[in-house]
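Each value in this text was obtained by applying a stated rule to the coordinates, not by laboratory testing. None of these values were measured; they are calculated from a predicted model. When we count neighbours, we look across all protein chains shown, and the Cβ atoms used for this are built from the backbone with ideal geometry, even at glycine.
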Amino acid sequence: MRGTLMERESIKSFWKQSVPLMERIGSGEKLVLSDLLGPVKTSSSLAAVKKQLNRVKSKKTVELPLNKEEVERIHREVAFNKTSQALSKWDPIVLKNRQAEQLVFPLKKEQSAFAPIEHVLSGWKARTPLEQEVFNLLHKNKQPVTDPLLTPVEKASLKAMSLEEAKMHRAELQRARALQSYYEARARREKKIKSKKYHKVLKKGRVRKALKEFEKLRKVNPTVALEELEKIEKARMMERMSLKHQNSGKWAKSKAIMAKYDLEARQAMQEQLARNKELTQKLQAASDSEEEEEGAEEEGELVPDAVNEIQMDANGPNPWMLRNHSRGTKEIKVQDPEQLPEPVAHEASENEEEDRPGAEEEILLNEFEERRSLRKKSGLSQEAKLVSRQEPKDSSSQEVLSELRALSQKLNQENQQSGKQNVSSVRTVLAVQREEPTEAEEEPLLLQRPERAHTMEKLEELGKEGCFQNKEVPRPVGEGQQSERNPDNQPGAPKEKKRKEQMIDLQNLLTTKSSSVKSLAVPMTVEELEDEEERDQKQMIKEAFAGDDVIRDFLKEKREAVEASKPKDVDLTLPGWGEWGGMGLKPSAKKRRRFLIKTPEGPPRKDKNLPNVIINEKRNVHAAAHQVRVLPYPFTHHRQFERTIQTPIGSTWNTQRAFQKLTTPKVVTKPGHIIKPIKAEDVGYRSSSRSDLSVVQRNPKQLSIRHKKHLKKNSVD
Amino acid sequence: MKVKMLSRNPDNYVRETKLDLQRVPRNYDPTLHPFEVPREYVRALNATKLERVFAKPFLGSLDGHRDGVNCLAKHPKSLATVLSGACDGEVRIWNLTKRKCIRTIQAHEGFVRGICTRFCGTSFFTVGDDKTVKQWKMDGPGYGEEEEPLHTILGKTVYTGIDHHWKEAVFATCGQQVDIWDEQRTSPVCSMTWGFDSISSVKFNPIETFLLGSCASDRNIVLYDMRQATPLKKVILDMRTNTICWNPMEAFIFTAANEDYNLYTFDMRALDTPVMVHMDHVSAVLDVDYSPTGKEFVSASFDKSVRIFPVDKSRSREVYHTKRMQHVICVKWTSDSKYIMCGSDEMNIRLWKANASEKLGVLTSREKAAKDYNQKLKEKFQHHPHIKGIACHCHLPKSIYSQIQEQRIMKEARRRKEVNRLKHSKPGSVSVVSEKKKHIVAVVK
């Protein structure tokens, strides 16, 4: 009873509390979980429910799972991205192979491996009666059939030559060689030590040791000691033979040791010393005297060469310091006339020959010498004639010539060293100078041999300098003429300058080439003969082609071609249309003008300004069949394409090597070789270590639902 | 009178021994060898003509099958061995050097749908219409042994194709779905589907060996990843693809033989545009196989011809046909890249040279040099109209020729119509679709 009462009370209280809730429901308000929890708070019996509800409150709802198709699609996309990334590693190789000049297949060289015959035999059994019979026979004779086939000796020999052993052997050899080289290097190093002290100590040590041993031996075994003594003696002799007679030498030292016991030795040493002294003294004395003599001689006459040379070194560019006064002035004067750097207007005819190759210079010089000797016999008068005949035209040049002659005479008087020189020869040289300036300049040099050599040296040196000063502004012509006229009045400095220029010119002459030279040496009569021959030839040709005038024919042809290529006017006049027509009646000018259609003039002909050429601008249909009309695909410019066509690849135009290189085929395959697909290992990539199969088997999810169904059915069946 | 004599030093021209090469003095002065371009042009012309003259590619036929040849397989280790499966369930193994059948097996009842060799060359697999997968030993049965398969797997559905993994003991079959099998088990390790149509062929990638490609009769090509056991991507074309072949030198390139007379070379990573559309066939293309060099491929077509395409050209380099050859069902390029085999409807397997005018056998060095030179000359002058005309000329059977003309007209009409439509519509309303994109319907992720 009491219990029931209690329950009733609690229910009453609960209802009292929940009445407002009910009202709220009745009014259509929304209920929240907390509203429901409110009344629960009081009752302790509902604690468990309360806890649960609280937990629910704290958690959020789980989202709906994606449908299966979506999931698969995402899986596929991820897998595809992964795979395509993995495949991109092949890009560089594919590109390389596509662009390769030559691909040789199979890519990887196969090593030919022969299976040993016993392996082949082991997998094979006799089946047919015949085979069995044969095998029975073999077994009866205990012939090795399957396993051995190699006798133990053969096997041993095979083993002996095994790779590992060979490697070991090689390693040992290498070690021995290394050791040897190490010792050699050490010996070399020791030998190289320059320290005298070190060697002295080393030697002393050695000698001391030898002496000790010798003493010992003398006590123990006199006969052997004697032999040893002989040996030492021999060594000493050898040393003596080495021609070292100084006191400090090895021999001397050994003598010094022996001198204690041996009187002869002491004497010999002294003798040696004396001789040595004597020898050395004598040698010194001889050389000194010679030098002194030379010096005296040179000082007596001239400034010694050595001094001259020093001067040259000191101030190279100053030629005044380089030469003896007399010769210097002479040379300048001789060279003066042809110092004009450029051909002067009125002298053009003569100066033409100024730039002729240096190689011919010497030949011509020789010729001149010969001629000179000839002329000596014939006398002066003839020479004069010759000169006058060769240059009769130029009055001004003659003027210069006379001056030169006078000059040369003066020079000859001054020149002491070339006293023997023939006046006439100089004259001839000067006479010729106008035509052959450089020759003439060197003429006197030729005659005086030693001096010439001297000057040549200078020349060379000057030439070297001249290289730097080559770019000097050429003197104006007028000045040049002036200087030519009065060479004596020239001040020192410009003269020097001119000299240098002259040298430069010489250098130029030596280096530059020019067309053929008409030398004076060729007699006129010969020229005349040649002329006659030429004339004859021309005459012959003329006679042979008398009939045809080639040039006129060509011109005519060209005119015709031009006419033919010109666009023609179209005349559409119809006679008798709109007026009377008939014999002797012409359509009126007005009408003709009206119906004449003039074609516009095309672009000017390409051979318009080329008198002896006809350029055909028409397209040749026959050639067009063999010509490419459009630029083919990989080329971007026609010139590029033309270049590829124009470089020949045949062996007619190329060397064998180049030909082979040009004709290498793009793909080379070997007959009878299997070409396998490219492998990651072949191109240096690491192939995946796990096998595809193991990966598949580790994945549990792969069986499709349909297949699972199948399997289930199978199991049910 | 002085008589001038030629005098030469014998050292300059006499050989020391007769085994020495003859000394040929050469002067490469270009003035002595004028007209190099015209001379080389003539040489190129002659080389091209001779190439056409000597273009005799047919080597022989292997006859023995009593029904159409449905599938071919190469031996991975031996160049001389070829396997073929016929429509009557017969499998034959041929020796190419002798051109003889060395073994005959009645493998299946009904068609032999697919045949493939194991990578080691010791056994081969066949699938047939009798819902079985059979593994056979490559060597014949011993004396007194029965001709029996090593293993036989009974399946629930018909398998239409089979291919073996390039490195491991795994093979893949296709039919209702693509199944991957472990050789040791009788149930597939994993099977992958995408859509509900029958799959006609499946091929393992020879380089990245975990990749597979398949083509189904709902016009799509699907790529699979064996490791992750998922399909990767699907591309839907205008018409059904009969088979695909992976490039053995370029891991991501494959070529699909399509019913719309074209072949499509795809980069696996970008399926929305084929790299190249190869068109020349005038009927459905049934099979395709790459040269092992990866530079060319051969295709077999229902139009009774076999064509060779360079990978980077849209037009074929060569077309092979004979009067007796009917619809070519399968084609293979041998692993030394010298020969092509094709199996056709009229029960024959034919052997062709891959280079029609190539001289077979060992070449002397001079022959080789001449061959290389001629080849280079042909390449150099290939754009010249005369040479191009000769090089491109080939005789075609009347049916193919007339069909080409017909299709040219059709194509021209279509093009004209397109141009007209473009011309007479509001600018921007009609877009021009390139030839490459035209045949791709969709790419499904």
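Brief remarks follow.
- Rg over Rh [alpha-carbon atoms, Kirkwood Rh] for region B:319-441: 1.11
- Top of B:Glu146, B:Glu358, B:Glu51 by mean-square fluctuation, Gaussian network on chain B, Cα under 10 Å: B:Glu146
- R0 of 51 Å, Cβ-Cβ distance A:Leu137-A:Lys108: FRET efficiency to nearest 0.05: 0.65
- Kirkwood-type hydrodynamic radius, region B:350-397: 12.8 Å, calculated from all non-identical alpha-carbon pairs.
- Where chymotrypsin sites (Phe, Trp or Tyr not before Pro) fall in DSSP loop in region A:568-614, at most 14 other Cβ within 10 Å: A:Trp577, A:Trp580
- Selected from B:Ser291, B:Ser365, B:Ser357 as most flexible by GNM, with chain B as the system and alpha-carbon contacts under 10 Å: B:Ser365
- Dividing the radius of gyration of the alpha carbons in region B:1-148 by their Kirkwood radius gives 1.43 for Rg/Rh.
- Highest mean first, the peptides A:598-607, B:136-145, B:226-235, A:87-96 sorted by other C-beta atoms within 10 Å per residue fall in the order B:226-235, A:87-96, B:136-145, A:598-607.
- R0 of 30 Å, Cβ-Cβ distance A:Leu273-A:Lys192: FRET efficiency to nearest 0.05: 0.35
- Mean partner shielding of peptide B:372-385, defined as the number of other chain Cβ atoms within 10 Å of each residue Cβ, is 5.
- For region B:182-247, a Kirkwood radius taken over Cα pairs fed into Stokes-Einstein (25 °C, viscosity 0.890 mPa s) yields D = 197 µm²/s.
- Rounded to the nearest 20 debye, dipole of region B:139-223 from Cβ charges on Lys, Arg, Asp, Glu: 500 debye
- Too-long pairs where the Cα-Cα distance tops 23 Å, listed order kept, from A:Lys679/B:Lys295; B:Lys233/B:Lys295; A:Lys108/B:Lys295; B:Lys77/B:Lys167: B:Lys233/B:Lys295
- Annotation note: chymotrypsin sites (Phe, Trp or Tyr not before Pro) in region B:160-244 located in DSSP loop regions with a Cβ neighbour count of at most 13 within 10 Å are B:Phe196.
- When each of A:Lys203/A:Lys255; A:Lys676/B:Lys353; A:Lys219/A:Lys255; A:Lys204/A:Lys277; B:Lys203/B:Lys376 is checked by Cα-Cα distance, pairs over 25 Å: A:Lys204/A:Lys277; B:Lys203/B:Lys376
- In plain terms, if you count all Cα to Cα distances in region B:3-88 and split them into 5 Å steps from zero, the share in each step is 3, 8, 8, 8, 8, 8, 10, 9, 7, 7, 7, 6, 5, 3, 2, 1, 1, 0 percent.
- Taking a point 7 Å from the Cα of A:Glu557 along the Cα-to-Cβ direction, the residues of region A:602-637 with backbone N closer than 17 Å to it are A:607-608, A:610-618.
- Per-residue shielding of B:248-256, expressed as the average number of other chain Cβ atoms within 10 Å of the residue Cβ, stands at 5.
- Highest-fluctuation residue, B:Arg39, B:Arg15, B:Arg408 considered, GNM on chain B with Cα pairs under 10 Å: B:Arg15
- Radius 13 Å from Cβ of B:Gln403, net charge of other residues (Lys, Arg +1; Asp, Glu -1): +1
- With kT/(6 pi eta Rh) evaluated at 4 °C and eta = 1.567 mPa s, and Rh the Kirkwood radius from Cα pairs, region B:58-353 diffuses with a coefficient of 69 µm²/s according to Stokes-Einstein.
- Sites B:Arg8 and A:Thr652 - FRET efficiency at Förster radius 30 Å, r taken between beta-carbons, to 0.05: 0.80
- Restriction of the chymotrypsin sites (Phe, Trp or Tyr not before Pro) in region B:323-391 to DSSP coil positions whose beta-carbon has at most 15 other beta-carbons within 10 angstrom yields no sites.
- Contact order relative to length of chain B, as percent, for alpha carbon pairs under 8 angstrom and 6 or more apart: 13 percent
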